[in-house]
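Written out below as structure tokens is the structure these notes cover.
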Amino acid sequence: MTKNLQAVRGMRDILPEQTPLWQWLEARARAVLAGYGYREVRLPLLEMTELFERSIGEVTDIVEKEMYTFADRNGDSLTLRPEGTAGCVRAGIEHGLFYNQVQRLWYQGPMFRHERPQKGRYRQFHQIGVEAFGLAGPDVDSELILISARLWRSLGIEGLELQLNSLGTPAERARYREVLVDYLRAHEGRLDEDGRRRLGTNPLRVLDTKNPDMADVVAGAPSLLDFLTEESRGHFTAVCDALAAAGVAFTINPRLVRGLDYYSRTVFEWVTTRLGAQGTVCAGGRYDGLVEQLGGRPAPAAGFAIGLERLVALLEEAGVAPGLGDPHVYLVALGAEAERAGLLLAERLRDALPWLRLVVNCGGGGMKAQFKRADRAGARYALVLGEGEVARGAAGLKPLRETGEQEDVATGELAAVLTARLGPPRPEGF
């Protein structure tokens, strides 16, 4: 018996009924990012495995357990990108974008991690990443957070909580690590298996545990903020002051460490309690050493990534339904002569109104059947052509989503009438 082919576990199809919401979200994000001067870069899905080992860290969960890695026909070890920052940095170094330059970049697309699938977590997931290079001050950290806050307002999403922390410099973090390890070893009997493993490899990640049985151990751990130098403390204070002045509420969370080794100084997350265990919607921070770590000349950098599946889930929960894929007009053509004339009329209307979504009935059928198709398509108006209308140089225009009678409109006036009825296209192009 032949097995039915299905999507790979943890990967899913986004169907035509769902894509309008995605397109609307992406269009809003593009508009917000353009308003801050960020430009899009398009990156490959595959990178050399070494890129992620050197950037994310060989003892992180992502590199140890979650990457899709394989040898290609030349024997090179390749990996489907588990995140976008490393590839963006690699592209900037390769094409000479960073040295003595400021770059504000963004990208979007699928990422891949072999995690246990659950609500809000997939093995293929989508992100929008935003990165700024060549700016060392706290002002760009603040700008990145303000961008994300503006996007939530543009989307109408409320109730996200902003959490902030500073990881300091690598030297400050090394001093803190020694003290943290001593503390955790004194409580090693309270750590779970994952915590004991991380104790010898990446002890800061113990602070990020989701195990409630370790909550009091984590709560009693020393705070990294107490190990910051005056310079790092001033940087973090400046970020907090800028956000407060802009009216962006936040909570300082000294246990926020992020899961990637390359972060330094400011880190942040936007979180929600409305998505179960997968509460992080957007996260990022500063990673000043990464460009040099990957072979480029030293360049400060900061950025964030947004999980699109989680944003879509919040929008669906709020009942947002843009209906962007529904046609404005469905052309009903009755008879062979009307079918030929209808195709030409549709082309003229598309020339005159590039934003118009117009579906021409194909496959024949009587008036009743075609009107059913028009209604099923979600069209706002039916444009009716029969032999009589063709002879008169007119078409019937019938509203399908509101009350009103069908009226005759001369074909030369249809573009103006449809513009008046439908209104101009929205700024995001839908």
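See the values below:
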{"quantity": "Considering residues of segment 128-185 that are hydroxyl-bearing (Ser, Thr, Tyr), over 17 Å from the mean Cα position of the chain (by Cα) and buried (at least 17 other Cβ atoms within 10 Å of the Cβ) only, the residue nearest to residue 200 (Cα to Cα)", "calculated": "176"}
{"quantity": "Unique match (being modelled with pLDDT under 95, within 17 Å of residue 129 (Cβ to Cβ) and either of a type in the set (S, T, N, Q) or surrounded by fewer than 23 Cβ atoms within 10 Å (Cβ to Cβ) (or both)) among 335, 259", "calculated": "259"}
{"quantity": "Given (1) at pLDDT below 95; (2) within 23 Å of residue 421 (Cα to Cα), number of the condition residue 295 does not satisfy", "calculated": "(2)"}
{"quantity": "Search result, residues across segment 223-266 that are touching a Phe, Trp or Tyr at 6+ places or on another chain (Cβ under 6 Å) and over 25 Å from residue 292 (Cα atoms)", "calculated": "243"}
{"quantity": "Residue that is nearest to the chain's Cα centre (by Cα), among those in segment 224-256 that are surrounded by 14 or more Cβ atoms within 10 Å (Cβ to Cβ) and at pLDDT below 90", "calculated": "256"}
{"quantity": "Pick from segment 335-370, criterion under 15 Å from residue 382 (Cα atoms) and touching a residue at least 60 places away in the same chain (Cβ under 8 Å), ranking: nearest to the chain's Cα centre (by Cα)", "calculated": "356"}
{"quantity": "Odd one out for residue 201, checked against (1) touching a residue at least 24 places away in the same chain (Cβ under 8 Å); (2) over 25 Å from the mean Cα position of the chain (by Cα); (3) buried (at least 21 other Cβ atoms within 10 Å of the Cβ)", "calculated": "(3)"}
{"quantity": "Tally of residues being part of a loop (DSSP other than H, G, I, E, B) and more than 16 Å from the chain's Cα centre (by Cα) across segment 276-310", "calculated": "12"}
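Quick grid of which residues meet (1) under 27 Å from residue 134 (Cβ atoms); (2) buried (at least 17 other Cβ atoms within 10 Å of the Cβ):
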residue: 24; (1), (2): no, yes
residue: 34; (1), (2): yes, no
residue: 55; (1), (2): yes, yes
residue: 74; (1), (2): no, no
residue: 93; (1), (2): yes, yes
residue: 107; (1), (2): yes, yes
residue: 112; (1), (2): no, yes
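The values are calculated or read from the model by the stated rules, or taken from the named source; none is laboratory data. Note that this is a predicted model, so its numbers are computed, not measured. A quick note on method: Cβ atoms are made from the backbone with ideal geometry, for glycine too, and the neighbour counts reach across all protein chains shown.
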